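Q: Can you keep this structure in mind? I'll have questions shortly.
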């Protein structure tokens with residue numbers, strides 16, 4: 001191969017590189033940061049379920065693959081603590097939580113207040129609290145109510161919102177932040 005052949009690229013390759021370069025310039029810094037977080041060789045979550053007092057510190061993704069046994073253990077920690085029902089949790093939620101923890105650089109476990117909820121539990125909670133949605137993402141294993149003991153709710157909310165991984169609800173009176181992997185939106189607790 002001559003030196004000229006080493007530097008030649010096709011028009012298609014050149015245009016593709018141009019598009020990638022342009023796209024990287026218009027992606028917001030927060031989105032780039034969240035993508036960078038997800039490129040880590042290992043994704044790990046540390047959680048304490050406040051209702052069951054169970055804790056877990058587990059790598060759930062390694063070298064490009066989710067770890068099935070770790071996902072089962074996380075699903076169990078996220079179970080409906082009222083009924084004991086376990087449901088599959090959306091891996092995007094685990095990734096969103098991981099990205100939040102990386103963004104904040106917290107060393108403490110997330111305090112999990114609510115993960116999966118059965119429809120029956122959700123309906124019961126709706127009767128007790130007007131802030132509970134009829135079509136809650138908790139029912140589908142796509143939401144978590146959390147807090148971090150070493151950071152304020154405002155910092156937690158800000159990091160989650162900055163990453164734009166889904167919905168972020170701020171509940172200062174109830175002392176938690178809701179995150180879900182639905183469309184990006186923000187709301188605060190009705191007082």
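Q: So, restricting to helices (runs of 4 or more DSSP H) that lie completely within segment 86-191, which ones have at least 1 residues that are out of contact with any strand residue (DSSP E or B) (no Cβ under 9 Å at 6 or more places or on another chain) and within 19 Å of residue 60 (Cβ to Cβ)?
A: Per the criteria, 91-104, 153-163.
Q: Within segment 52-64, how many residues are surrounded by 12 or more Cβ atoms within 10 Å (Cβ to Cβ), out of contact with any helix residue (DSSP H, G or I) (no Cβ under 6 Å at 6 or more places or on another chain) and not in a loop (DSSP other than H, G, I, E, B)?
A: Counting residues in segment 52-64 that are surrounded by 12 or more Cβ atoms within 10 Å (Cβ to Cβ), out of contact with any helix residue (DSSP H, G or I) (no Cβ under 6 Å at 6 or more places or on another chain) and not in a loop (DSSP other than H, G, I, E, B) gives 4.
Q: Given the criterion surrounded by 18 or more Cβ atoms within 10 Å (Cβ to Cβ), without any contact (Cβ under 8 Å) to a residue 24 or more places away in the chain and over 17 Å from residue 165 (Cβ atoms), identify the matching residue among 67, 77, 139, 113.
A: Only one candidate passes the filter, namely 139.
Q: Which numbered condition trips up residue 98, out of (1) free of Cβ contacts under 8 Å to residues at least 40 places away in the same chain; (2) under 18 Å from the mean Cα position of the chain (by Cα)?
A: That leaves (1) as the condition not met.
Q: Return yes when residue 126 is within 19 Å of residue 169 (Cβ to Cβ), in contact with a helix residue (DSSP H, G or I) (Cβ under 7 Å, 6 or more places away or on another chain) and modelled with pLDDT under 90 and no when it is not.
A: Criteria not met by residue 126.
Q: Turning to a different aspect of this structure: Do we find that residue 91 is surrounded by fewer than 17 Cβ atoms within 10 Å (Cβ to Cβ), farther than 18 Å from residue 147 by Cα, touching a helix residue (DSSP H, G or I) at 6+ places or on another chain (Cβ under 8 Å) and at pLDDT 95 or above in this structure?
A: Here the answer is yes, as residue 91 does meet what is asked.
Q: Then there is this: How many residues does segment 162-185 contain that are within 11 Å of the chain's Cα centre (by Cα) and crowded, with 19+ Cβ neighbours inside 10 Å?
A: Going through segment 162-185 one residue at a time, the tally reaches 9.
The values are calculated or read from the model by the stated rules, or taken from the named source; none is laboratory data. Treat the numbers as computed from the prediction; the structure is a model and nothing was measured. Note that each Cβ is placed from the backbone with ideal geometry, even for glycine, and that neighbours are counted across all protein chains shown.
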